[in-house]
Amino acid sequence: MAETINVTIWNEYRHEKTNDKVREIYPNGIHAAIGEGLDSRHNITYAVLDDPEHGLSEEVLNKTDVLLWWGHMAHGDVSDEIVERVYNRVLKGMGLIVLHSGHFSKIFKKLMGTSCDLKWREANEKERIWVVNPGHPIVDGIGEYIELQEEEMYGEHFDIPQPDELVMVSWFEGGEVFRSGCCYTRGAGKVFYFRPGHETHPTYYNADVRKVIANAIGWAAPVKRDYPRYGHAVPSLEPIKGRG
Ligand code: ZN
């Protein structure tokens, strides 16, 4: 049996408290619905914005293999100190999965180095998320596409660096397309951006969406090896004769 992966699910957890429709869909929060989609391979910790240190203490982060991030209305309330802490953990090998409106989070923008801006529209339209990288582990068990009957639209251009691997592309009923499943490495860490998951739609109950998230956790989990050594490389591994 595969080893257990320590997963921390971070949610801003504000819409659920202030919007009846969102609370109806996600009565225990988006984080709880995402967690319900995982299984015994995952050892889950929940963390929300209003927890002390946003639930992301050094202790929590140091034992996190993969961090999931859902944020939207309160990106600015996330402290720069915690962003720096998450950033350094990613460089050291922690996986990060950024969901939906997390595209505009401080941590994602810092890791990407671009504006991460996009087009959007809330019109309850159909989304078809096409698999464009069929051998990729993140789409293990997924058909040609995932169809969501109603979602918010995100459209190109999406101002991200060229993904290391593009796994999925969305088509929307209104005509736009969007790079919906994007893989990056940053330092020793792996980062996956996964588009669907607007708070007024029941997206995180969709079996395929849950499968992609579970697959992405497996992909993003750190490998077991020491962090690289940097800096002055003395003494040398082999004797150097030198010249003159
Ligand atoms: Zn949204």
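The values are calculated or read from the model by the stated rules, or taken from the named source; none is laboratory data. All values reported here derive from a predicted model rather than from experimental measurement. Note: ideal-geometry Cβ built from the backbone for every residue, glycine included; neighbour counts use all protein chains shown. Ligands, DNA and RNA are stripped out before the accessible areas are found, and what is left, the full protein with its side chains, is counted by its heavy atoms. Shrake-Rupley method; radii C 1.70, N 1.55, O 1.52, S 1.80 Å.
Before moving on, here are some points about what is shown:
- In the context of the full set of protein chains, segment 156-212 has a per residue accessible area of 34 Å² (1.4 Å probe).
- Cα-derived Rg to Rh of segment 1-142, Kirkwood definition: 0.96
- Cα centroid separation, segment 207-244 to segment 31-101: 22 Å.
- The modelled label-to-label distance between K119 and S40, using points 7 Å beyond Cα along the C-beta direction, is 4.8 nm.
- The residues packed around L96, meaning those with a beta-carbon under 10 Å from its beta-carbon, carry a net charge of +3 if Lys and Arg are +1 and Asp and Glu are -1.
- Loop-located chymotrypsin sites (Phe, Trp or Tyr not before Pro) in segment 203-244 whose Cβ has at most 14 other Cβ within 10 Å (DSSP): Y230
- Normalised contact order of segment 18-105, rounded percent, pairs of Cα under 8 Å and 6 or more residues apart: 28 percent
- Computed FRET value (nearest 0.05) for D77 with R186, which takes r as the C-beta separation and R₀ as 25 Å: 0.60
- Accessible area of segment 10-148 divided out per residue, in Å², using a probe of 1.4 angstrom: 45 Å²
- Dipole size of the chain about its Cα centre, with +1 on Lys/Arg Cβ and -1 on Asp/Glu Cβ: approximately 1160 debye, rounded to the nearest 20.
- Using only alpha carbons, the chain has a radius of gyration to Kirkwood radius ratio (Rg to Rh) of 1.02.
- When the GluC sites (Glu not before Pro) in segment 1-109 are filtered for DSSP coil states and for at most 13 other beta-carbon atoms within 10 Å of their beta-carbon, the remaining sites are E3.
- Note on K21 and K110: the model spin-label points, each 7 Å out from Cα along the C-beta direction, lie 3.3 nm apart.
- Prolate/oblate/rounded label for segment 28-100 (Cα gyration tensor, a/c 1.5): oblate
- Cα shape, segment 117-177, gyration tensor, a/c 1.5 rule: oblate
- Solvent-accessible area, 1.4 Å probe, carbon plus sulfur percent, for the chain: 50 percent
- Distance (nanometres) between label positions extended 7 Å along Cα→Cβ at V234 and E173: 6.8 nm
- Note on D226 and N88: the extension gain reaches 48.1 nm, defined as 0.36 nm multiplied by sequence separation minus the Cα-Cα distance.
- Entries of K63/K211; K92/K241; K63/K119 with Cα pairs more than 29 Å apart: K92/K241; K63/K119
- When the chain is described by a simple charge dipole with +1 on each Lys and Arg Cβ and -1 on each Asp and Glu Cβ, the residue from H31, L68, G155 located farthest towards its positive end is L68.
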